[in-house]
Amino acid sequence: MPENTITITDNRTGKSYELPVENGTIRALELRQIKTDENDFGLMTYDPGLTNTASCKSNVTVIDGDKGILRYRGYPIEQLAEKGSFLETAYLLMHGDLPQKKELSDWEYDITHHTFIHENVKKFMDGFRYDAHPMGVFVSTIAALSTFYTEAKDIHDSECRQHQIHRLIAKTPTLAAFAFRHMKGMKYAYPDNDLSYTGNFLNMMFKTTEVTYEPDPVLEKALDVLFILHADHEQNCSTSVMRSVGSSGVDPYSAMAAAAAALYGPLHGGANEMVLRMLREIGDVKNIPAYIERVKNREIRLMGFGHRVYKNFDPRAQLIKKVAFEVFDVVGRNPLIDIALELERIALEDDFFISHKLYPNVDFYSGIIYEAMKIPVEMYPVLFAIGRTPGWLAQWQESLVDPDLRIVRPRQIYLGEDKRDYVEVEKR
Ligand code: CMC
């Protein structure tokens, strides 16, 4: 019997089937040959939340949840965060290797020279209410970009794809900053091409009357590191959406708007906003034990804790915690850090959290940094989206050149009514 196979015996029929095992998986379609009789549709798997289903093959990012490892194209994120830059990381994710000097400067030039947005975009941004959540504005304007770049539909042309990739990485900070300025009722600040990617973002967010905005180098670096740490995370909810929507053949702006919408949810990228709201609600270290009790009674979840894949620690959270203190040295200590530290300490000693393998995730400390930088909570998922853009695009591009690509279309277990005849409303 070949080694890389598995034998399944169907106790309903007594028949045995030998299925090939490749990369620790069996092809789900192989199960369809397992039938009780000729009319049987064949065996399927039931996997809500896709917790044990590999939906694609990928070379982009790997996570080892037990060891707390996260690598982009093989490079540990700790090294990228310490020595690299966000744009270099974006290049790595897109192209598979770190850039040579000239490749990096060309890439930086291309991104920098696509940061402006069409003036009409400003007009419809103006149409949002003053209190519109910036993530809603962001999702909508990303989708709207597809109406400006109609050639983006040509998704199988690699040159065209590259062009849209430059545009999306370049314009996300502009859209994000404009959404923020709209919320604040402030005049939009245009991109400054002499600044770095994150320096320019800070410029578009905070520039007021100065002729040239000069970003604080520590804050610029901190934001760059945060973007690196958010850049990709294999088949998370929003990335799966990017691949799934992309599988229909739609342009990348529409697919990315869907991915960003998935990120908005409080269980995903919206968690950083919820963490901050939670810390404010706790308000004082003395209120933590009572709050923990409510979590243990399952009244609420501890936001910024837990992860589908990491079961010992989230390496991003550890790095972000370090960045937080670097930022505090410049802008002053955010008092919420004391609540966060104490919450983490108590939770990590508590049986409920230990037995459920619940640890701080990427969202636990990022919000505290953003708040210290005077960025309002509503912007936190938007900042996550800026960081995640290269990851979405790298995974989307990879899916398009994958010979296994098919439109994503799962099956279901139908448990509804059998056929029944329509009855006129008077007779029901
Ligand atoms: N607080 C309290 N209990 C929790 C939490 C939490 N944050 N997370 C999971 N649990 C418990 C849950 O009640 C369940 O307990 P039991 O088995 O006794 O019923 C068990 O742990 C497993 O939870 P699950 O919901 O089945 O786990 P999941 O893998 O489906 O969900 C998660 C992962 C991240 C959605 C979840 O941990 C969560 O809701 N965390 C809070 C929100 C959050 O911080 N999200 C950001 C995730 S990291 C960044 C990102 O991906 O965007």
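Looking only at residues that are aromatic (Phe, Trp, Tyr) and within 11 Å of the ligand (Cβ to nearest atom) in the stretch 327-362, which one is modelled with the lowest pLDDT?
Applying the first criterion (aromatic (Phe, Trp, Tyr)) to the stretch 327-362 yields 328, 352-353, 359.
Now drop any that are not within 11 Å of the ligand (Cβ to nearest atom), which leaves 352-353, 359.
Details: Phe352: 94, Phe353: 93, Tyr359: 90.
Going through the qualifying residues, I end up with Tyr359.
Val401 falls short on exactly one of the conditions (1) among the hydrophobic types (A, V, I, L, M, F, W, C); (2) out of contact with any Gly (no Cβ under 7 Å at 6 or more places or on another chain); (3) within 14 Å of the ligand (Cβ to nearest atom); (4) closer than 29 Å to Leu80 by Cα, and that condition is (3). Of note, Leu70 satisfies the criterion of being under 30 Å from Lys221 (Cβ atoms), touching a Pro at 6+ places or on another chain (Cβ under 9 Å), outside any loop (DSSP other than H, G, I, E, B) and not hydroxyl-bearing (Ser, Thr, Tyr).
Output the residues belonging to the stretch 207-220 that are within 23 Å of Ile320 (Cβ to Cβ) and free of Cβ contacts under 8 Å to residues at least 60 places away in the same chain. If you could, list the steps in order and put the result at the bottom.
Step one: of the stretch 207-220, the residues within 23 Å of Ile320 (Cβ to Cβ) are 215-220.
Scanning the stretch 207-220 gives Pro215, Pro217, Glu220.
Filter the stretch 279-309 down to residues that are within 10 Å of the ligand (Cβ to nearest atom) and either assigned by TED's automatic domain parsing to the domain that holds Asn236 or of a type in the set (A, V, I, L, M) (or both), then give me how many there are. The total comes to 6.
Which residues, taken from the stretch 190-237, are crowded, with 24+ Cβ neighbours inside 10 Å, within 16 Å of the ligand (Cβ to nearest atom) and not in a loop (DSSP other than H, G, I, E, B)? Hits for the stretch 190-237 are Leu226, Phe227, Ile228, Leu229, His230.
Give the residue, chosen from Ile368, Ile337, Ile320, Ile288, that is touching a Leu at 6+ places or on another chain (Cβ under 8 Å), of a type outside the set (D, E, K, R) and surrounded by fewer than 21 Cβ atoms within 10 Å (Cβ to Cβ).
On the way: Ile368 fails: surrounded by fewer than 21 Cβ atoms within 10 Å (Cβ to Cβ); Ile337 fails: touching a Leu at 6+ places or on another chain (Cβ under 8 Å); Ile320 fails: surrounded by fewer than 21 Cβ atoms within 10 Å (Cβ to Cβ).
When all the criteria are applied, what remains is Ile288.
Looking at Asp421, is it within 23 Å of the chain's Cα centre (by Cα) and either loosely packed, with under 10 Cβ neighbours inside 10 Å or of a type in the set (Asp, Glu) (or both)? For Asp421, the condition - within 23 Å of the chain's Cα centre (by Cα) and either loosely packed, with under 10 Cβ neighbours inside 10 Å or of a type in the set (Asp, Glu) (or both) - is not met.
Comparison of Pro381, Pro390 shows that the only residue that is within 12 Å of the ligand (Cβ to nearest atom) and either among the β-branched types (Val, Ile, Thr) or closer than 25 Å to Ala179 by Cβ (or both) is Pro381.
Among residues of the stretch 91-115 that are within 22 Å of Leu145 (Cβ to Cβ), those with a Cβ under 8 angstrom from a residue that is among the basic types (Lys, Arg) and not in a helix (DSSP H, G or I), sequence gap 6+ or separate chain, pair up as Leu93/Arg73. Tallying residues that are among the polar types (S, T, N, Q), closer than 14 Å to Trp392 by Cα and either surrounded by fewer than 19 Cβ atoms within 10 Å (Cβ to Cβ) or without any contact (Cβ under 8 Å) to a residue 60 or more places away in the chain (or both) within the stretch 155-171 yields 1. Residues that are hydroxyl-bearing (Ser, Thr, Tyr) and touching a Lys or Arg at 6+ places or on another chain (Cβ under 6 Å) do occur in the stretch 358-365, at least one of them.
The values are calculated or read from the model by the stated rules, or taken from the named source; none is laboratory data. Values in this document were obtained by computation on a predicted structure and should not be read as measured data. Positions of Cβ are backbone-derived with ideal geometry, glycine not excepted, and every protein chain shown enters the neighbour counts.
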